[in-house]
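So the structure is just underneath, and the comments pick up after that.
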Amino acid sequence: MLKLTNCLNNIRTLTVQAQRNVAFTSARLIDQKWREDKSLPQNPNAFGPLTNLPDYSFLDGRPTPLGSNQKKRLLRQQEIAAKIVELNGELEFAKKRHESLKAKAADDKQRILSSKLQPKGHLLLKKN
């Protein structure tokens with residue numbers, strides 16, 4: 001009986017050891033270099049018809065409710081679009097401000113030069 005329990009303990013130990021060697025994370029079997037060369041996303045399920053389109057449609061043409069993550073994805077895309085519009089406005093403001101500062105600096109320089117370089121003496125009399 002003792003030998004039988006020792007054998008069972010050895011079998012349990014072997015199964016536990018075998019379970020320790022099994023990886024529970026998924027391997028990245030996708031060829032990332034090929035996907036990068038084709039300008040594709042790293043995750044093929046991140047974008048596409050299987051992700052973006054509804055799972056089913058009604059025969060009478062009624063709109064289908066949004067999927068589980070579709071609402072989150074739409075809200076995230078709206079936030080990104082709002083941020084793009086905001087940053088674009090800031091960029092336009094910065095461009096206009098830079099142009100106005102450049103024009104003001106040129107006007108100041110021209111005003112200083114025109115006030116410094118005045119004809120003197122007989123040149124002033126010839127000009128009139």
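Which translational diffusion coefficient, to the nearest whole µm²/s, is obtained for segment 46-124 from the Stokes-Einstein equation, given a Kirkwood hydrodynamic radius over C-alpha pairs, 4 °C and 1.567 mPa s?
Details: Rh = 18.7 Å.
The calculation lands on 69 µm²/s.
Return the FRET efficiency for the residue pair LEU66, LYS95: r is the Cβ-Cβ distance, R0 is 41 Å, and the value is rounded to the nearest 0.05. Could you put the intermediate results ahead of the total?
Working: r = 39 Å, r/R0 = 0.94.
Working from the Cβ atoms, E equals 0.60.
Every read-out reported here was derived from the displayed coordinates using simple, explicitly stated rules and does not represent laboratory data. Everything quoted here is computed from the prediction, not taken from an experiment. Reconstructed Cβ throughout: ideal geometry from the backbone, glycine too, with neighbour counts over all protein chains shown.
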